[in-house]
Amino acid sequence: MSKGILTKPFRAAGRFFDQNYGSSMFTSREFFGILGPVIIDQFFMYLISMLTTAMISASSQDSVSAVSLVNPIIYLAMALFTSVASGGTVVVAQYKGKGDPVRVRQAAGQAVLSTLFVAIAVAVLMIVFASPIVWGLFGTAGDAVCNKAVEYLIGMSISFIPFSFYSSSFAAMRGIGDSKACLRLTVIINVIHLILSMIFLNILHLDIFGTILSYILARIIGGGTGLYSLMSKRGQLGVFFSDIFRFEGRLLKSIFRMGVPFAVEQCFYNGGTIIVQAYMVQLGNIAVAANAIANSAFSLIYAAGFAVSTVTLTVTGQCIGAGEIALAKHYGRRMEWLGNGICLLSVIVILPLMPLLLMLYAPEAETLPVIYPLLWIGSAFMPFVWSGANVMSNTLRAAGDANFTSVTSLVCMWIVRVGLGYLLALPLGLGINGVWIAMGLEWVVKTIVFRIRFHGDKWYRKKIVEE
């Protein structure tokens, strides 16, 4: 009897998950078999990033300020080729849903080719214009910070080329739902990066150059491992060299049709973040450093939410490819619910641990009191609207509604986060807190718009892949 009482909640939970996440395309076990490794993947990735930022912060506040200022530029540049890789995810997922293994393999190869081409072009531009960009935007931050920022931008741009192989391989395997292979790639590249960062920063004290070197070496190894996984006969894809180095016009068109709107969105989105960073400099280096540390620490809270957002591309894409519109709608609603639940759980579990986690950054005494209000502001919004803004957008995007999601994100970014953030931070005197309040309000607006779009029928009527 006592055994039955103990197992009854688990049976009830099993029935709940079967009803809500099981279907003709995925059993609930298969669904969570895809999601579980991605959650671990995201937590691991953000944890390593957090530890690396903590090591840079302990090295020098000028260094963490330099990295914080230039990171939006790096994210903008990376978005131009990782967005193409994400387009490959959608195309691969839809062909997987159609049950066409040849096209799945070819689409994966073309994702590698297109991502590499864009990454090379972006890397060259960033290296050539690194100094004018940094000094033009952040010159008031001082010589020490700006010189480190230029060095960091050039070094990270070199790493884009090997990273393109990693990101495109990762995107293709994500499209077929091979989460375990993606997790292996993440573990490899991030463990290597962490070990090298510890050697170069903590032992050799190479400061910014050590961080750059660890990224380049880790991404070379990660990119090579990604290609091997993609082309291995024991893998699920078995891509040939000819799939990568032969132009397939129709596949490239489909990939760029999905990737370009997202790339433009990310370009302007990160451009807005750069503007925010530029006016944040007026608040002083303490505010810049506090924002960098808070963003790094807060990333651990939304790591699991990003996992749900990532899996949404795979699940919805395969449903649309199979012509299962009702299932795409079903999973769209459930994925948003799941994202909200996971975000709430993350806030409850991780926020109380923040005093311990922040000790890793060794922040200066005047910086720490600025960090805590930022974490509380972000946590107040996150369980209620983050998923609607980020998970629901990927439901629409996976069905081919890339233009709408990109335009909406851009308008919300520039009006709410950039415009309102400026008003709250400077004229209204809320400082860095105003920037984070504007970020939460941006999530609110996007959630409302994406839900309205989801309840219509235009989002799933776009044709992305050829029959």
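Structure summary
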read-out	value
For segment 63-113, alpha-carbon Rg over 2.2 N^0.38 Å	1.63
Pair Val349, Val191: separation of 7 Å Cα→Cβ label points (nm)	2.1 nm
Full-stretch length increase - Ala365, Met198 - with 0.36 nm per residue and alpha-carbon distance subtracted	57.7 nm
Long-range Cα-Cα pairs in the chain (distance over 41 Å), rounded percent	15 percent
Tail weight of P(r) past 15 Å, computed on alpha-carbon pairs of segment 374-467, percent	62 percent
In order through segment 180-185: 3J(HN,Hα) via Karplus (6.51 cos²θ - 1.76 cosθ + 1.60), integer Hz, x for Gly, Pro	5, 5, 4, 5, 4, 4
Among 244-256, 143-155, 381-393, the order from most to least packed when residues are scored by Cβ within 10 Å on average	381-393, 143-155, 244-256
Full-stretch length increase - Phe245, Asn20 - with 0.36 nm per residue and alpha-carbon distance subtracted	76.8 nm
Anisotropy class of segment 292-430 from Cα gyration tensor, a/c 1.5 cut	oblate
Fully extended contour minus Cα-Cα distance, from Asp143 to Thr27, at 0.36 nm per residue	36.0 nm
Gyration tensor (alpha-carbon) shape descriptor, segment 130-171, a/c threshold 1.5	prolate
For segment 23-37, 3J(HN,Hα) per residue [Karplus equation, 6.51 cos²θ - 1.76 cosθ + 1.60, θ = phi - 60°, Hz, x = Gly/Pro]	6, 5, 9, 9, 6, 4, 5, 5, 4, 6, x, 6, 5, x, x
Helix 325-350 vs. the chain, principal-axis angle (Cα, 0 to 90°, nearest 10)	40 degrees
Dmax and Rg, reported as Rg then Dmax, of segment 368-429 (C-alpha, Å)	14.8, 44
Ranked packing of 310-316, 346-352, most packed first, by mean Cβ within 10 Å	310-316, 346-352
Per-residue HN-Hα couplings for segment 422-433 [Karplus 6.51, -1.76, 1.60; θ = phi - 60°; Hz; x = Gly/Pro]	4, 4, 5, 6, 9, x, 8, x, 7, x, 5, 4
Between helix 249-280 and the chain: long-axis angle, C-alpha atoms, 0 to 90°, nearest 10	30 degrees
Stokes-Einstein D in µm²/s, Kirkwood radius over Cα pairs - segment 185-293 at 37 °C with 0.692 mPa s viscosity	184 µm²/s
Debye log10 I(q)/I(0) at q = 0.19, 0.26, 0.33 Å⁻¹ for segment 259-300, Cα point scatterers	-0.67, -0.87, -0.98
Equivalent-ellipsoid semi-axes of segment 26-131, from the Cα gyration tensor, Å, largest first	33, 23, 8
Estimated [θ] at 222 nm from DSSP helical runs (n ≥ 4, -39500 (n - 2.57)) normalised by residues in the chain, nearest 500	-28000 deg cm²/dmol
Prolate/oblate/rounded call for segment 270-359, Cα gyration tensor, a/c under 1.5 rounded	oblate
Distance in nm between pseudo-label sites at Val102 and Phe209 (7 Å out along the Cβ direction from Cα)	5.4 nm
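Bear in mind that the values in this text are calculations on the coordinates, not laboratory data. Computed from a predicted structure; not experimentally measured. With ideal geometry, Cβ positions are generated from the backbone for all residues, glycine too; neighbour counts draw on all protein chains shown.
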